[in-house]
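*Asks:* First the structure, then my questions, so here it is.
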Amino acid sequence: MKQCLLVAIVVATLGGHVWAVDRDAFTVTHYQLEVQIDRPTHVMAVTGRIILRNDSKLPQKNPVLQVSSSLSWNGVAFDNKPVEWIGNDYTSDIDHTGGLSEVIVTLPAAVAPGVSVTLDIQYGGTVAADATRFTRMGAPEELAGRNDWDQISESFTAVRGLGHVVWYPLSLPAVSMSEGDTVFRAIDEWMARHRNSQFDARIHVIGDDVKLCIAGVAMTSSCGEIGQVSDPRTGGVTNEVTNSIRLSNLGTMTPAFAVADYVRLQRPGVTVLHTPQNQSIAKDFAAAAETNELVLNDWLTPPALPFVVIELTDANANPYQDGPLLFTPLRRADSATLGLLLMPVQVAARFSSPRRWIQDGLQRFLQALAVDRRAGRKSALQFLNEYLPPLLSTEAAADTGPSGSKDQSQNTLVNTSDEILLRGKGAFVFWMLRDMLGDAPLQRALAAYRPAQDSSPSYLQSLLEEGRKRDLEWFFDDWVYRDRGLPDFRVESVYARPVLDDPNQLSLVTVTIENRGTAGAEVPVLIQTASGERTVRILSPAHQKVSARSQLPGSPTKVIVNDGSVPVRSSEYSAYDVPANATQP
């Protein structure tokens, strides 16, 4: 009985210890890692040092360190002495395996708030293709594998960081893909907290082929440094290729790398790392990137460094972009399709913002501008509206209560982590601003934008209003600062009368529209006659009726509110066939 009681006390103590830890207490301010990659065995072995700062308000004695569940901890040391730690399997979808290998470290003394501590670490294991976090939710294995393609193997090696493979230590509370955007929100919050952290990792790969190349985020221009080291498997000497990831602001990019027998294609503004058999496709990518420059040069300053395209040798893998880096299979496609794929990474090479709606929305917006230049406004708006169905679903999901009311301070463009809102709604915001202000004011604001000065959500608004009398507060309040939903326009009435004593037989047309939605917008209204058509723009606040007048030849036959440039809840009543008696003698 005493032995059972003792066991119970130990378990209770450990359980209390696990539950008492604060996984958000420490910020890693500096990583210094040495990473050994053995492709034939799928193994990654990591040694190194990390500096942790206590950013909580209380002294902390128990830092938490997490890596992928496929990796195992071998040791943690403080001041060159091993420290006690408790290993723990921790379920979380920030890793492709759906779990983490966690250690809770016990330091010799508590770390005061604001004070840093340095730990030496060792861990390692295998990194194999794994999509458990998706398949356990019921996703088909093949589809899940297209997103979670990270693995180490001789034929295909590519490893991304947080959100895919946790190959460097961090600490986050558990999150699940089944709980909305909680995974993405947790990642965004961690990245924001580590925005100024330094990351240094040296990647070592042993291989007989001297063409072996390691490429990835913030790596040196050379594919790798070739050296010779002893081969523990044969006792002889073999080639070793090394390369380094160096980030002075970890929170802006996710450390990622790929290993393959790449060939480098260098063009002004772009580097394409491709396998030898895909040289012609790589040239097509470079040519499409050059075509995009025609739009980019009108809107953004030239890039300081070229953006990088790294080939994924798995043809079924979904592309992945992180800033000016794009992992993608090199598939044959027409220039327009390749241009759309490359535009976001080209924008990221020229423009950065700590606000994701600006960064992601601008990328999608410039894709639409490229379509506009190539095929016209109608095609560009069709491209933008590809995001409308999921945007409607996202807005509907945010509604609460039987009245359809919502907390307008939640899920705004300022604080959301939802990709649909960031990229989809964000792009519409830029397009509407362009329609309202014109190209030149928006281009000037983007040229004046400085990420380091963006300390307030209204920073971009102030740049757009600078030197002009146009008040944009209502627009940003409805579309950016709050989640007011979407407009819902209908044509209320159309009235026309001939202009007296007019030799050209002009009609004075009055159009009244009602916005039944919860957000206001300046919307285009198309008035058609037998001899032509004219577009007028009407500022239509939420829950109000407004009218506009215009002179045009002949009598109106049809009125259409919104050409697709404003995302709306419904287009059911956007067209109005004008009855003959609407024109008064």
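*Asks:* Output the DSSP H helices from the chain with an along-axis C-alpha extent of no less than 30 Å and a mean Kyte-Doolittle hydropathy no less than -0.5.
*Replies:* On the way: long enough: 279-299 (31 Å, -0.13).
Those that clear 30 Å and a mean of -0.5 are 279-299.
*Asks:* Further question: Please list, in order along segment 316-321, the HN-Hα scalar couplings obtained from phi with the Karplus expression 6.51 cos²θ - 1.76 cosθ + 1.60 (θ = phi - 60°), rounded to whole Hz, x for Gly and Pro.
*Replies:* 8, 5, 7, x, 9, 10
*Asks:* Continuing with this model, one more query. Take the Cα of Arg193, step 7 Å along the line toward its Cβ, and report every residue of segment 26-43 whose backbone nitrogen sits under 15 Å from that point.
*Replies:* 26-30
*Asks:* Determine the distance separating the Cα centre of segment 112-145 from the Cα centre of segment 266-330; give it in Å without decimals.
*Replies:* Answer, in whole Å: 28.
*Asks:* Let me ask something additional. Let me know the charge dipole size of segment 388-481 about its Cα centre in debye, to the nearest 20, where only the beta-carbon of Lys, Arg (+1) and Asp, Glu (-1) is charged.
*Replies:* Roughly 320 debye for segment 388-481.
*Asks:* On a 24 Å Cα-Cα criterion, which of the cross-link pairs Lys378/Lys469; Lys425/Lys469; Lys378/Lys425 come out too long? All intermediate terms of the calculation are to be shown ahead of the outcome.
*Replies:* Working: Lys378/Lys469 30 Å; Lys425/Lys469 26 Å; Lys378/Lys425 18 Å.
From Lys378/Lys469; Lys425/Lys469; Lys378/Lys425, over 24 Å: Lys378/Lys469; Lys425/Lys469.
*Asks:* When the dipole is taken about the Cα centre of the chain, and only Lys, Arg (+1) and Asp, Glu (-1) are charged at their Cβ, what size is it in debye, to the nearest 20?
*Replies:* 960
*Asks:* Given the DSSP H assignment, sum -39500 (n - 2.57) over each helix run of at least 4 residues in the chain and divide by its residue total; what's the result at 222 nm in deg cm²/dmol, nearest 500?
*Replies:* -8000 deg cm²/dmol
*Asks:* Would you mind checking segment 34-54 for residues with the amide N under 19 Å from a putative spin-label position 7 Å along Cα→C-beta of Thr118?
*Replies:* Of the residues in segment 34-54, 34-35, 47-54 have backbone N under 19 Å from the label point off Thr118.
*Asks:* Using only the alpha-carbon atoms of the chain, report the extent along each of the three principal axes, biggest first, to the nearest angstrom.
*Replies:* 101, 64, 47
*Asks:* Which Cα, out of Val480, Ala375, Ala427, lies furthest along the positive dipole direction of segment 357-493 (beta carbon charges, K/R +1, D/E -1)?
*Replies:* Ala375
*Asks:* With charges set only on the Cβ (+1 for Lys and Arg, -1 for Asp and Glu), what does the dipole of segment 489-582 come to about its Cα centre, in debye to the nearest 20?
*Replies:* On the way: 9 positive and 9 negative charges, 41 e Å.
That gives a dipole near 200 debye.
*Asks:* Set the Förster radius R0 to 51 Å, insert the Cβ-Cβ distance between Ala45 and Ser379 as r into 1/(1 + (r/R0)^6), and round the FRET efficiency to 0.05. Walk me through the intermediate numbers first.
*Replies:* On the way: r = 52 Å, r/R0 = 1.01.
The computed FRET efficiency comes out at 0.50.
*Asks:* Spin-label point model (7 Å from Cα, Cβ direction): what's the Ser456 to Tyr495 distance in nm?
*Replies:* Once both label points are built, they end up 4.3 nm from each other.
*Asks:* Once the dipole of the chain is set up with Lys and Arg at +1 and Asp and Glu at -1 on Cβ about the Cα centre, which of Tyr123, Tyr573, Asn385 lies farthest towards its positive end?
*Replies:* Tyr573
*Asks:* Next up: Which of Val566, Val561 has the fewest other C-beta atoms within 10 Å, and how do the rest follow up to the most? Provide the component values of the computation, followed by the final result.
*Replies:* Numbers: Val566 23, Val561 26.
By the 10 Å Cβ count, ascending, the order reads Val566, Val561.
*Asks:* Under a point spin-label approximation (7 Å from Cα along Cα-to-Cβ), what is the Gln544-Lys61 distance to one decimal in nm?
*Replies:* Simple spin-label model gives 6.2 nm for this pair.
*Asks:* Residue by residue through segment 545-557, what is 3J(HN,Hα) from phi via Karplus (6.51 cos²θ - 1.76 cosθ + 1.60, θ = phi - 60°)? Round to whole Hz and write x for glycine and proline.
*Replies:* Per-residue couplings from phi come out as 10, 9, 10, 9, 10, 7, 9, 8, x, x, 9, x, 10 Hz.
*Asks:* Still on this structure: May I ask for the equivalent-ellipsoid semi-axes of segment 348-483, computed as the square root of five times each C-alpha gyration tensor eigenvalue and listed largest first in whole Å?
*Replies:* So the equivalent ellipsoid measures 24, 20, 14 Å along its semi-axes.
Every number here is computed from the coordinates shown, using simple stated rules; none is lab data. What you are looking at is a predicted structure, and each value in this text was computed from that prediction instead of being measured. Note: ideal-geometry Cβ built from the backbone for every residue, glycine included; neighbour counts use all protein chains shown.
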